[in-house]
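Take a look at the structure below.
The values are calculated or read from the model by the stated rules, or taken from the named source; none is laboratory data. For clarity, every value in this text was computed on a predicted model and none was experimentally measured. Positions of Cβ are generated from backbone atoms using ideal geometry, with glycine treated the same way; all protein chains shown enter the neighbour counts. For the accessible areas, the whole protein counts, side chains as well, though only heavy atoms, and no ligand, DNA or RNA atoms are used. Shrake-Rupley method; radii C 1.70, N 1.55, O 1.52, S 1.80 Å.
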Amino acid sequence: MNDRYSRQILFEPIGEEGQDQLSDKHVVIIGAGALGTGNAEILARAGVGRITIADRDYVEWSNLQRQQLFSEEDAKYRMPKAVAARERLEQVNSDIHVESLVLDAGVEELRELAEFADLLIDATDNFDTRLLINDISQERKIPWIYGACVGSYGLSYVILPGETPCLSCLLEKVPMGGATCDTAGIIAPVVQMVVAHQTAEALKLLTGNTTSLRNKLVSFDMWNNHYLAMDVQKLKKADCPSCGEHAHYPHLDPENQTKTAVLCGRNTVQIRPSEKGERDLEELSLSLSRLGGRIEQNPYLLSYSSDEEQRLVFFKDGRVLIHGTKDITEAKNLYYSLIG
Amino acid sequence: MKLIVNGASLDIDQARTIEELLVELKLAGKGAIVELNQEILDKSQHAETRLANGDKVEIVHFVGGG
C-alpha cells in the first residue's frame, strides 16, 4: 500500500474509514465531455473503487480547450470519448476499476447503468437525458448530482430521492431551446467550478458525511462575478409526477421521450421532442446567426446549414429534420449541440 | 423602476411583474427560479407577483450545456 491517498485520509471528515468507503463505491458518470472528464478525474484520483463513464460521442479538436482527459491523439483518431477517458483514467489510477460505455443513454441503458450504482453524476449536454436520469434516480432511490454550464455561467444541485425537490419540481416544464456550448461558447474555469461543486458533494455523499451536504442550488457567473446559493427546499411538490406521493416517472414512459426516426430514402433523421410546445424561431435564428452558416426562414420553419453536408430544418411545433445523415447518433449530437 | 437583480442595479423599462421581468431579461421559458426579497416564489406566482422600486431579485435559470 503506497501513500496515494494519505492527504485525503489526513482530512478528518474522510479519514481511513471514509477512504475505505470510497473504495467500495460505484459512481456512474453520464457524459464524457467537459463535466464528465472533470468529475471522472477527481473521483478516480480520490479512489472511488468503481467508475463507469458513458458517452455516445467522439473526441474533436474543439473539445481540447476544456475536456481535460483528452489529447491531440484522441482528436486525430476520433476516439470515442468514453474510451479515451477510460484509458487516461487507468494511467491516473490503476488501483480502481474503470468501465467505459460507448452508447446513447436512453431509458433501458440508464436502468442498466443504475443497477449497482451508489451515485449518478450528470455530465450530459441536454435536458432530455437529465429528466431520464431524474426519473431513474427516483425509481431506484439513487441520488444524482445535476451540473450544467454555458458561457461563463454554471449551476449545480444534489437531488436526494425522498428528501430534496427533484429536477421536475424545479423545472416544471422542459426548457426548449436556449444557449449551448456550441452556440454561446464556454470557458474552462466555469466547467471546473461546476465540477468542484459536483465532486465535493459526491465525496460527502460517498463517505456518509451527509450532514455536511450543501442542500442549496448554486449558480455562478464567473465573468460577471456573481455567486448565488439558493434554498429551494420549499419547491418540493407533493404532487410531482417524478417524486411526489403518486410518482409515475413520466419521463421513462416511451410516449414522453424524444423520438428519432430515419426518414426512408431521404438521408434524413427526424427528431421530435418529448415536450409539446412552440419553438421560438426568432430566438433560434438569433443564436444560430452567431455561428455563421446559412439561415433561411419563413413563418413555419427555419433552415440552417453550416456546411454542404448537413442541413437542419426546425419546425415551429418542435420537430427538427436533419438532412444529410442516416445516423441517429450523429443527428442527435448535432441537435443537442445546437439546442441543448 | 430600479431593481437589484442578482446583485447588480438594473433599470427596468416595461416589466411590472416577475413574469414580465423574466421576459425582459430573456429568461422566460428557461425554468427560472426566482427569489424576491429573499422569499422564494413558486412558478405559479410569477405572473401575479408585482415588482416595486428597490426590490431585490435573485434569479437562477437552467442551462443544458455540460
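Determine, yes or no, whether A:Phe70 is touching a Leu at 6+ places or on another chain (Cβ under 7 Å), farther than 22 Å from A:Asp327 by Cα and free of Cβ contacts under 8 Å to residues at least 40 places away in the same chain. Yes.
Residue pairs whose Cβ atoms lie under 8 Å apart, separated by 6 or more positions or on different chains, with the first residue in segment A:183-198 and in a strand (DSSP E or B) and the second not β-branched (Val, Ile, Thr), are A:Ile186/A:Ala34; A:Ile186/A:Arg66; A:Ile186/A:Cys149; A:Ile186/A:Gly151; A:Ile186/B:Gly65.
The set of residues in segment A:186-205 being of a type in the set (S, T, N, Q) and open to solvent by less than 50 Å² (accessible area, probe 1.4 Å) consists of A:Gln198, A:Thr199. Of note, A:Val158 does not satisfy the criterion of being buried (at least 21 other Cβ atoms within 10 Å of the Cβ) and within 11 Å of another protein chain (Cβ to nearest Cβ). The condition of being modelled with pLDDT under 95 and under 22 Å from A:Val191 (Cα atoms) does not hold for A:Asp74. Scan segment A:39-67 residue by residue and report those that are acidic (Asp, Glu) and in contact (Cβ under 8 Å) with a residue 60 or more places away in the chain. The answer is A:Asp57, and nothing else.
Between A:Asp118, A:Asp128, A:Asp95, A:Asp122, the distinction of being within 19 Å of A:Ala40 (Cβ to Cβ) and either of a type in the set (Gly, Ala, Ser) or within 14 Å of chain B (Cβ to nearest Cβ) (or both) belongs to A:Asp122 only. Among the residues of segment B:25-51, those that are out of contact with any Ser or Thr (no Cβ under 8 Å at 6 or more places or on another chain) and open to solvent by 50 Å² or more (accessible area, probe 1.4 Å) comprise B:Leu25, B:Lys26, B:Ala28, B:Gly29, B:Asn37, B:Gln38, B:Glu39, B:Ser44, B:Gln45.
Can you spot a residue in segment A:144-151 that is open to solvent by 30 Å² or more (accessible area, probe 1.4 Å) and in contact (Cβ under 8 Å) with a residue 60 or more places away in the chain? Scanning segment A:144-151 turns up no residue that is open to solvent by 30 Å² or more (accessible area, probe 1.4 Å) and in contact (Cβ under 8 Å) with a residue 60 or more places away in the chain. Scanning segment A:39-68 for residues that are part of a helix (DSSP H, G or I), out of contact with any Gly (no Cβ under 9 Å at 6 or more places or on another chain) and open to solvent by less than 10 Å² (accessible area, probe 1.4 Å), we see that the one that is farthest from the other protein chains (Cβ to nearest Cβ) is A:Ala46. Condition check for A:Leu334 on (1) assigned to a loop (DSSP other than H, G, I, E, B); (2) open to solvent by 30 Å² or more (accessible area, probe 1.4 Å): one failure, at (1). For segment A:288-326, the tally of residues that are exposed (fewer than 14 other Cβ atoms within 10 Å of the Cβ) and within 22 Å of the chain's Cα centre (by Cα) stands at 0.
Residues that are away from chain A (no Cβ under 13 Å), assigned to a loop (DSSP other than H, G, I, E, B) and open to solvent by 20 Å² or more (accessible area, probe 1.4 Å) within segment B:1-24 comprise B:Met1, B:Asp13, B:Gln14, B:Arg16, listed in sequence order.
Just checking, does segment A:270-287 include any residue being assigned to a strand (DSSP E or B), more than 22 Å from the chain's Cα centre (by Cα) and at negative phi? Within segment A:270-287, one or more residues are assigned to a strand (DSSP E or B), more than 22 Å from the chain's Cα centre (by Cα) and at negative phi.
Is it true that some residue in segment A:211-231 is within 30 Å of A:His197 (Cα to Cα), of a type in the set (S, T, N, Q) and in contact with a strand residue (DSSP E or B) (Cβ under 7 Å, 6 or more places away or on another chain)?
Yes, segment A:211-231 contains at least one residue that is within 30 Å of A:His197 (Cα to Cα), of a type in the set (S, T, N, Q) and in contact with a strand residue (DSSP E or B) (Cβ under 7 Å, 6 or more places away or on another chain).
Highlighted here are the strands (runs of 3 or more DSSP E) found entirely within segment A:206-265 that include at least 2 residues which are more than 14 Å from chain B (Cβ to nearest Cβ) and open to solvent by 60 Å² or more (accessible area, probe 1.4 Å): A:259-263.
Can you find, within segment A:1-38, the residue that is nearest to A:Leu203 (Cα to Cα) among those that are in contact (Cβ under 8 Å) with a residue 40 or more places away in the chain and in a loop (DSSP other than H, G, I, E, B)? My answer is A:Ile14.
Counting only strands (runs of 3 or more DSSP E) wholly contained in segment A:83-164, the ones carrying 2 or more residues that are at pLDDT 95 or above, under 30 Å from B:Lys30 (Cβ atoms) and touching a Gly at 6+ places or on another chain (Cβ under 6 Å) occupy A:144-150. More than 15 Å from A:Pro241 (Cα to Cα) and open to solvent by 10 Å² or more (accessible area, probe 1.4 Å) - does that describe any residue in segment A:127-134? Checked against the condition, which is being more than 15 Å from A:Pro241 (Cα to Cα) and open to solvent by 10 Å² or more (accessible area, probe 1.4 Å), segment A:127-134 yields at least one hit. Would you confirm whether or not segment A:173-182 contains a residue that is closer than 16 Å to A:Arg66 by Cβ, part of a strand (DSSP E or B) and at the interface with chain B (Cβ under 10 Å from one of its Cβ atoms)? Scanning segment A:173-182, I find no residue that is closer than 16 Å to A:Arg66 by Cβ, part of a strand (DSSP E or B) and at the interface with chain B (Cβ under 10 Å from one of its Cβ atoms), so the answer is no.
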